[in-house]
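**Q** The structure is given below, and queries will be raised subsequently.
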Amino acid sequence: MNIPKFKLPGLVARIGGRLPQWPHSLTLIAGLNAAAKMKLLPLDSLALLEGRTFLVQVLDTGGQANFTYRNGLFRPLFSAPQTPDLSFRANLSAFMQMIARQEDPDTLFFNRELSIEGDTELGLVVKNMLDAVEWPQMPKLPGLSH
């Protein structure tokens with residue numbers, strides 16, 4: 001499946017930014033904790049995340065997720081940290097392309113489609129951890145061509 005580059009209308013971000021943000025954090029940490037439980041995330045890398053704070057902001061939806069990693073679990077932060085240890089900002093299409101492994105974070109970063117700010121060493125740990133993940137193959141849906 002090829003995900004095109006797109007940007008949602010500004011109205012979406014204006015409305016999305018006014019909505020509660022905690023559901024985004026809960027959804028993201030549920031996925032991260034599931035990946036950790038399935039041993040998709042390397043334990044040695046997870047240990048380096050201990051006590052660190054993160055922000056993932058989807059610019060064109062107005063959504064953001066704030067979380068930390070503590071005592072072996074990703075946990076939501078119900079308010080944004082003043083200065084997160086690491087933040088990622090991009091439009092929805094860039095995050096989708098990265099998750100689908102259609103584009104890598106370096107390409108998105110150098111094309112100014114992904115902003116990464118904060119602790120450089122922590123950013124490299126997270127990038128390398130995500131690059132090392134062997135995502136399970138999703139079953140192909142009947143009738144869809146790729």
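**Q** For the condition at pLDDT below 95 and among the aromatic types (Phe, Trp, Tyr), what is the one hit in Phe109, Phe54? Let's see the steps before the verdict.
**A** Numbers: Phe54 fails: at pLDDT below 95.
Only one candidate passes the filter, namely Phe109.
**Q** Out of the range 1-58, which residues are in contact (Cβ under 8 Å) with a residue 24 or more places away in the chain, more than 20 Å from Pro84 (Cα to Cα) and among the basic types (Lys, Arg)?
**A** Hits for the range 1-58 are Lys5, Lys7, Arg14, Arg18.
**Q** Answer with yes or no whether Ser45 is part of a helix (DSSP H, G or I) and either charged (D, E, K, R) or more than 15 Å from the chain's Cα centre (by Cα) (or both).
**A** On the way: part of a helix (DSSP H, G or I): yes; either charged (D, E, K, R) or more than 15 Å from the chain's Cα centre (by Cα) (or both): yes.
Yes, satisfied.
**Q** Given the conditions (1) at pLDDT below 95; (2) touching a His at 6+ places or on another chain (Cβ under 8 Å), which single one is not true for Met96?
**A** The failed condition is (2).
**Q** Another one. Report, by residue number, each residue of the range 70-119 that is in contact with a helix residue (DSSP H, G or I) (Cβ under 7 Å, 6 or more places away or on another chain) and in a strand (DSSP E or B).
**A** Once the filter is applied, which keeps residues that are in contact with a helix residue (DSSP H, G or I) (Cβ under 7 Å, 6 or more places away or on another chain) and in a strand (DSSP E or B), the range 70-119 yields Leu73, Phe74, Arg75, Pro76, Leu86, Ala90, Leu114, Ile116.
**Q** How many residues are touching a residue at least 12 places away in the same chain (Cβ under 8 Å) and buried (at least 17 other Cβ atoms within 10 Å of the Cβ) if we restrict to the range 103-115?
**A** 4
**Q** Give the range 22-42 a look and list any residue that's closer than 16 Å to Val56 by Cβ and not in a helix (DSSP H, G or I), or say none.
**A** Leu41
**Q** Kindly evaluate Leu19 against the criterion of being in a loop (DSSP other than H, G, I, E, B) and either modelled with pLDDT under 95 or within 25 Å of Glu113 (Cα to Cα) (or both).
**A** Numbers: in a loop (DSSP other than H, G, I, E, B): yes; either modelled with pLDDT under 95 or within 25 Å of Glu113 (Cα to Cα) (or both): yes.
When the stated conditions are applied, Leu19 passes them.
**Q** Can you work out which of the residues in the range 2-46 that are exposed (fewer than 11 other Cβ atoms within 10 Å of the Cβ) and hydrophobic (A, V, I, L, M, F, W, C) is nearest to Arg101 (Cα to Cα)?
**A** Met38
The values are calculated or read from the model by the stated rules, or taken from the named source; none is laboratory data. Model, not experiment: these values are computed from the prediction. As a convention, Cβ positions derive from the backbone with ideal geometry for all residues, glycine included, and neighbour counts pool all protein chains shown.
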